[in-house]
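Data block below; observations after.
The values are calculated or read from the model by the stated rules, or taken from the named source; none is laboratory data. Model, not experiment: these values are computed from the prediction. Every residue, glycine as well, gets a Cβ built from its backbone with ideal geometry; the counts of neighbours run over all protein chains shown.
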Amino acid sequence: MKYIYGPVRSRRLGLSLGISLTPHKVCTFDCVYCQIGTGVSTVSDRKEYIRAEEILEEIRLWLENNTREAAQLNYITFSGAGEPTLNSRIGGLIKGIRGLTNVPVAVITNASLLNSAQVRSELLQADLVVPSLDAVTPEIFARVNRPKKGIKVEDIINGLIAFRKEFKGKIWLEIMLVKGINDGLDSVFSLKDVIDKINPDKINLNSPVRATAQKNIAAADEERLCQIREILGDRCQIV
């Protein structure tokens, strides 16, 4: 299989079959905490990086040949080694999976393209969307996510707020905290103000614990993570 990986078991999604919609490290960000590589040129142009028909055929064959595992799946998840919303056929792929199985569809996204009404519309067919928001000020956003030129954090925030109003499924907001960059309490209180406007169903706090491509990247202290969880409220959990 070229585009399918797993199933993978995680605290967030349970048993999930992963699907890559782009080649390796095709992304709008070059995050300092990325585990799959760094220093690659970022992109923002949407196109059919991988043919939707090939992906759907792989999924069909996997489901047909792995009936026992398929019956145990909690989600089929678009994530992989790049930003899935860069694939311009993501809406058709979600619809195509609906024709193959009743397994819920999740999309893990860095939210960089949610300011586009077209992208938001394509994601409306998903059951769960897990967008990231690591910072809400331009300075910290630039340091931690290192976006493609022209991508602004205020546009991402506006896109997330708009998507919450449009989307009937679940939104689990993901925050990756990097020690010394975005784990300061001033940053967290600013983040909380924005999160209250987005109103996600759940907030997942994460911190890099595995090796990252960028050197000298450290996880936030456990005590600080617990403090931030308390600030963000009952919907927040440390994953």
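In table form, for the structure just shown:
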| quantity | calculated |
| --- | --- |
| Test: residue in region 182-193 that is of a type in the set (Val, Ile, Thr) and under 20 Å from the mean Cα position of the chain (by Cα) | yes |
| Residue satisfying condition, being within 19 Å of Ala162 (Cβ to Cβ) and either under 14 Å from the mean Cα position of the chain (by Cα) or modelled with pLDDT of 95 or more (or both), within set Leu93, Leu61, Leu124 | Leu124 |
| Residue match in region 160-177 (condition: touching a residue at least 60 places away in the same chain (Cβ under 8 Å) and over 20 Å from Val119 (Cα atoms)) | yes |
| Residue, nearest to Asp201 (Cα to Cα), within region 224-239, restricted to residues that are not in a helix (DSSP H, G or I) and not charged (D, E, K, R) | Cys236 |
| Those residues of region 200-216 which are under 20 Å from the mean Cα position of the chain (by Cα) and in a loop (DSSP other than H, G, I, E, B), in sequence order | Pro200, Asp201, Ser207, Pro208, Val209, Arg210, Ala211, Thr212, Ala213, Gln214 |
| Qualifying residue in region 72-80 (condition: at pLDDT below 95, hydroxyl-bearing (Ser, Thr, Tyr) and closer than 20 Å to Ile203 by Cβ) | yes |
| Answer residue from region 188-199, given it is without any contact (Cβ under 8 Å) to a residue 60 or more places away in the chain and in a helix (DSSP H, G or I) and is surrounded by the most Cβ atoms within 10 Å (Cβ to Cβ) among those | Leu191 |
| Residue within region 37-54 that is under 24 Å from Lys179 (Cα atoms), of a type outside the set (Gly, Ala, Ser) and at pLDDT 95 or above present | no |
| One residue from Lys179, Lys215, Lys192 being on the phi < 0 side of the Ramachandran plot, in contact with a strand residue (DSSP E or B) (Cβ under 7 Å, 6 or more places away or on another chain) and charged (D, E, K, R) | Lys179 |
| Any hit, region 226-239, residues being at pLDDT below 95 and over 20 Å from Arg120 (Cα atoms) | yes |
| Residues that are surrounded by fewer than 20 Cβ atoms within 10 Å (Cβ to Cβ) and closer than 30 Å to Gln72 by Cβ, drawn from region 95-137 | Lys95, Gly96, Arg98, Gly99, Leu100, Thr101, Asn102, Pro104, Leu124, Gln125, Asp127 |
